[in-house]
Structures are given as structure tokens and as C-alpha cells.
1. Each residue of the range 51-68 in order: what ³J(HN,Hα) in whole Hz does its phi give by Karplus 6.51 cos²θ - 1.76 cosθ + 1.60, θ = phi - 60°, with x for Gly and Pro?
2. Before rounding to the nearest 500, sum -39500 (n - 2.57) across all DSSP H runs of length at least 4 in the chain and divide by the residue total; then give [θ] at 222 nm in deg cm²/dmol.
3. Based on the Kirkwood radius over alpha-carbon pairs, what is the Stokes-Einstein translational diffusion coefficient of the range 1-79 at 25 °C with 0.890 mPa s viscosity, in µm²/s?
4. Any idea what diffusion coefficient the chain gets from Stokes-Einstein, in µm²/s, Kirkwood Rh on alpha carbon pairs, 25 °C, 0.890 mPa s?
5. Hey, any idea what % of the chain's accessible area is carbon plus sulfur with a 1.4 Å probe?
6. Put M47, M26 in order of accessible area, largest first, 1.4 Å probe: what do you get?
7. Note the full-extension length gain between S41 and K133 as 0.36 nm times their separation in residues minus their Cα-Cα distance, in nm to one decimal.
8. Efficiency by 1/(1 + (r/R0)^6): what FRET value for A33 and K152, r their Cβ-Cβ distance, R0 = 30 Å, to the nearest 0.05?
Amino acid sequence: MSGSVTAIKNRWEPLEDREKLSLKVMVVALTLAIAYFAIWSPAHKFMVDSQRSVEDRRELLALVISSRQALARSGAVSNAAPDMNSQQLVSAVTNMARTQKLILKRFEPSGENKIKVWVEDVSFDNLVAWLSKLDKAINVSVEQISVEKQDKPGVVSARLTLSS
């Protein structure tokens, strides 16, 4: 290594002062450019993307909470319908989805009076309205739900377990 340092010194010494200054400025500019493009810029982009993601999730959580509260208030006056078996439940849920113009991606009976339902790329408001109508009209409640936000604002995909 001392051989390469000696070689650099040997090339540095005969340079004029103007050339030495130019090389020093170039080294500083190159160091700053590398620090900016390799360190600061990617870190800053990651931070901005993370903040945006956190804000989006907060908005979705606030929407889910407000919708849940609205469903709880409206569900206080529900009709007392008898429990349906899984075939009746599938029929009632799919018919109600059709009237709401909601396309069920997949559905399957799950136990005596339960059904699992998958919906994709639906408006969150339409999903909540459908669930509210299911509860009010035929006393079908949500036992379990998993909602995933899609790229379009207000659009979600969901997996639900409904029971009568």
C-alpha cells in the first residue's frame, strides 16, 4: 500500500497549484455527490414513503372506526330473524350482494350457520352499506373481517366470516 501512496505523491508533487486546487474541489464535489445520492436521498425517500404509509393507515383506521360506530348505532334496532342454515345463508348473502351490485369473488359455507366471503376491489362505503343491510334485513352479523386497502382511494378487498 505504501507503494501506491508513494506513486500518488510522485504524481501530486509536479502539479501546478491551480491543478492541485482543481483536484481538491473535484474530490470535495465528488464526495458530496456520493453522500447525497447514495445516503441522504434514499434515506429521505424512505422516510417520506413511511410517513405517507402511516398517514394512509391512520385514515383507514379512522374510517373503519367511524363505520363500526355507525354500524353499532344502526344495528341496535335489528329484526329478530331465526338462524339460517349455511345454504340459506349463502343464498341470502349472494342475493343481497347482487341487489347492492357487489360482486363476491368467492364464498363458501363454514359450519352450521356461517359463511366465508371474499370481495375484491370494492368501495369501502358500499361494503359497509351491504354489511349494514345484511344485519338489518336478515340479522346476519360479521364474526370476523380482514380489510386490505387497494391502490385506488376508498377501494378495498376483504375477507369476511358472516353468521346468522
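1. Each residue of the range 51-68 in turn: 5, 5, 5, 5, 5, 4, 5, 5, 4, 5, 4, 4, 5, 5, 5, 5, 5, 5 Hz.
2. Numbers: 5 runs with 93 residues, N = 164.
Helix contribution divided over all residues of the chain: -19500 deg cm²/dmol.
3. On the way: Rh = 18.6 Å.
Rounded, D is 132 µm²/s.
4. 118
5. Numbers: 6810 of 11960 Å².
In the chain, the share of accessible area belonging to carbon and sulfur is 57 percent.
6. On the way: M47 90, M26 115 Å².
The ranking, largest first, comes out as M26, M47.
7. Details: separation 92, 0.36 × 92 = 33.12 nm, distance 4.94 nm.
My answer for the length gained is 28.2 nm.
8. Numbers: r = 38 Å, r/R0 = 1.27.
So, using R0 = 30 Å, E works out to roughly 0.20.
The values are calculated or read from the model by the stated rules, or taken from the named source; none is laboratory data. Bear in mind the structure is a predicted one, so any value in this text is a computation, not a measurement. Glycine gets a Cβ as well: all are built from the backbone with ideal geometry, and neighbour counts include every protein chain shown. For accessibility, only protein heavy atoms count, side chains too; no ligands or nucleic acids. Shrake-Rupley method; radii C 1.70, N 1.55, O 1.52, S 1.80 Å.
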